[in-house]
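Each value in this text was obtained by applying a stated rule to the coordinates, not by laboratory testing. On a predicted model such as this, the values are computed, not experimentally measured, just so you know. When we count neighbours, we look across all protein chains shown, and the Cβ atoms used for this are built from the backbone with ideal geometry, even at glycine.
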Amino acid sequence: MGINRSKSSKSIFAKLAAYVDSANSFYKYNLDKCYIDFQKEDKETLDTIREINVQKFIPNAKFAIVSYRNRDMLIVVGEQTSEHDGSVLLNVNVDLAIFVYAICNLQGNVNYAIPPMRIYNEILCQPEDENYHGHQLEDLQEVFENVSAYEIVEESSLIKNDVYDVYAYHFLKLEREKIGRWDKKTLDLFEDIIFSGNDKIPYHNIVMSMLANQWNHSFLETYRCIERLFSVIRLEAFYDVLGTELTLLAVAKEIEEKISWRPNEETAIQEIFKNIDTTAIENVKNSYKQVKGMGVAKWYYKEIRNPIAHYRAVHSPLDLKEKEWNILLQFNLSVIEYLYRKYRGKI
């Protein structure tokens with residue numbers, strides 16, 4: 001791919017000019033005179049950047065995997081930098097090439113904490129100085145949101161071309177450094193899935209669960225990973241006698257499209273509950289008197305899954321404690337690990 005120096009330079013200064021203009025400034029500037037001071041090495045390294053995988057599911061997150069100087073790297077924009085020991089990810093100094101790629105290709109924003117007139121004075125007016133020789137990395141880093149870069153260590157068990165799996169580990173490190181909503185066991189289960197090396201797991205759902213601002217959304221994203229395999233659970237015996245080269249998921253898709261068959265979710269959940277330790281969520285269920293006597297699989301589907309997945313008049317917002325939400329998430333994550341390990345060779 002490589003990065004076009006002229007276009008990227010114009011794009012970066014155009015972002016700054018738009019921010020200054022938003023302050024209703026009437027001061028003049030000439031963007032044609034603004035440019036980035038690319039040195040010979042910068043020009044050479046810009047040509048070595050190749051995109052491998054850019055995230056596309058999450059509107060409020062910007063990250064990608066690129067190949068740069070023959071190393072695979074995770075580039076993240078707009079977040080705190082996570083610190084690593086080099087066993088899985090290795091912190092990399094952000095140079096001009098990485099910075100330009102991140103701001104231009106990942107749509108990095110201006111640092112809105114800096115007053116527009118300061119950017120006007122310190123950036124857009126500088127070309128009027130007779131000693132101006134272009135802006136350097138240090139000038140631009142402060143006026144844009146944070147850019148972080150991490151080399152993906154070859155020996156790690158991360159799926160190196162799955163941008164969501166790699167990003168999930170970066171985000172997990174940030175979560176471990178603060179006191180937040182997650183229990184240690186929940187974080188440990190997220191880590192087990194991230195390190196599983198199982199390329200069948202939809203890691204974009206795992207990331208969206210970790211990023212979610214509401215408990216019910218965190219639950220729903222992990223539930224979707226389970227829901228994806230309901231047809232697999234119900235069709236496995238049939239699939240085993242077909243002798244087809246199609247995957248089980250592909251067969252399920254063909255059946256749904258041709259004859260509109262879908263598995264009964266409650267029945268599929270009951271099958272799952274036969275093979276998974278449900279003690280922890282049974283304790284959550286039993287704390288609610290109104291569902292006393294209801295089987296745990298039915299309770300999970302009727303009283304937890306349905307109110308979250310469907311917004312209906314008969315459903316009220318779930319009133320669960322933080323500890324209980326963690327238990328439910330831990331259960332979902334354990335089910336994901338179990339199912340995707342069990343069916344990995346068939347899906």
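Helix 163-176 versus the longest principal axis of the chain: what angle, 0 to 90°, nearest 10, using Cα atoms?
Taking the Cα atoms of the chain, the angle to 163-176 is about 90 degrees.
With the crude spin-label approximation of a point 7 Å out along Cα→Cβ, what separation in nm comes out for Asp192 versus Asp85?
For the pair Asp192/Asp85, the computed spacing is 2.1 nm.
Counting Lys and Arg as +1 and Asp and Glu as -1, each charge on the Cβ, what is the dipole of the chain about the Cα centre in debye, to the nearest 20? Kindly include the intermediate steps, with their values, before the conclusion.
Numbers: 42 positive and 51 negative charges, 317 e Å.
Using only the charged Cβ atoms, the result is roughly 1520 debye.
Counting only DSSP beta bridges with both residues in the chain, what percent are antiparallel, rounded to the nearest 5? Don't jump to the answer; show the numbers that get you there.
Values: 21 of 22 bridges.
Once the DSSP bridges in the chain are tallied, antiparallel ones form about 95 percent.
Could you state the angle between the C-alpha long axis of helix 5-21 and the longest principal axis of the C-alpha atoms of the chain, as a value from 0 to 90 degrees rounded to the nearest 10?
90
For a Förster distance of 56 Å, can you work out the FRET efficiency between the beta-carbons of Asn264 and Thr48, rounded to the nearest 0.05? Write out the running numbers ahead of the final one.
Values: r = 53 Å, r/R0 = 0.94.
Working from the Cβ atoms, E equals 0.60.
Return the distance in nm (one decimal) between the two label points of a simple spin-label model at Ala237 and Lys184, each offset 7 Å from Cα along Cα→Cβ.
According to this spin-label approximation, the distance is 4.4 nm.
Subtracting the Cα-Cα distance from 0.36 nm times the residue separation, let me have the gained length for Gln141 to Asn213 in nm, one decimal. Write out the running numbers ahead of the final one.
On the way: separation 72, 0.36 × 72 = 25.92 nm, distance 2.85 nm.
Separation in residues times 0.36 nm, less the Cα-Cα distance, equals 23.1 nm.
Taking each pair of distinct Cα atoms in the stretch 5-152 once, what is the resulting Kirkwood hydrodynamic radius in Å?
16.2
What percentages make up the Cα-Cα pair-distance distribution of the chain when the bins are 20 Å wide from 0?
25, 45, 25, 5, 0
Report the relative contact order of the chain, percent, no decimals, based on alpha-carbon pairs under 8 angstrom and at least 6 residues apart. Please report the intermediate quantities before stating the final value.
Working: 419 pairs, mean separation 54.4, N = 347.
That works out to 16 percent.
Please find the FRET efficiency linking Ile114 to Tyr27, where r is the Cβ-Cβ separation and R0 is fixed at 22 Å, and quote it to the nearest 0.05. Numbers along the way, then the final one.
On the way: r = 16 Å, r/R0 = 0.73.
FRET efficiency, Ile114 to Tyr27: 0.85.
Let me know the Kirkwood hydrodynamic radius for the stretch 269-347, please, with Cα pairs as the basis and the value in Å to one decimal. Could you put the intermediate results ahead of the total?
Values: mean 1/r = 0.0732 Å⁻¹.
It works out to 13.7 Å.
Based only on Cα atoms, what mean projected area does the convex hull of the stretch 64-143 have, in nm²?
6.6
What full-extension length gain, to one decimal in nm, is calculated for Lys274 and Tyr288 as 0.36 nm per residue of separation minus the Cα-Cα distance? Mind dumping the intermediate values first?
Values: separation 14, 0.36 × 14 = 5.04 nm, distance 2.24 nm.
Between Lys274 and Tyr288, full extension yields 2.8 nm more.
Per residue of the stretch 322-329, what does 6.51 cos²θ - 1.76 cosθ + 1.60 with θ = phi - 60° give for ³J(HN,Hα)? Whole Hz please, x for Gly and Pro, Karplus curve as stated.
4, 4, 5, 4, 4, 5, 5, 5
Measure nothing but the geometry: give the 0 to 90° angle between the long axis through the Cα atoms of 184-194 and the longest principal axis through the Cα atoms of the chain, rounded to 10°.
It works out to around 80 degrees.
Where the only charges are on Cβ atoms (+1 Lys, Arg; -1 Asp, Glu), what is the dipole of the stretch 5-152 about its Cα centre, to the nearest 20 debye?
On the way: 14 positive and 22 negative charges, 126 e Å.
Dipole magnitude for the stretch 5-152 comes out near 600 debye.
Nearest 20 debye, what's the magnitude of the dipole of the stretch 179-342 about its Cα centre given +1 on Lys and Arg Cβ and -1 on Asp and Glu Cβ? Before the final figure, lay out each step's value.
On the way: 22 positive and 23 negative charges, 116 e Å.
The calculation lands at about 560 debye.
What distance in nm lies between label points placed 7 Å from Cα along the C-beta direction at Glu322 and Lys7?
Modelled inter-label distance: 4.7 nm.
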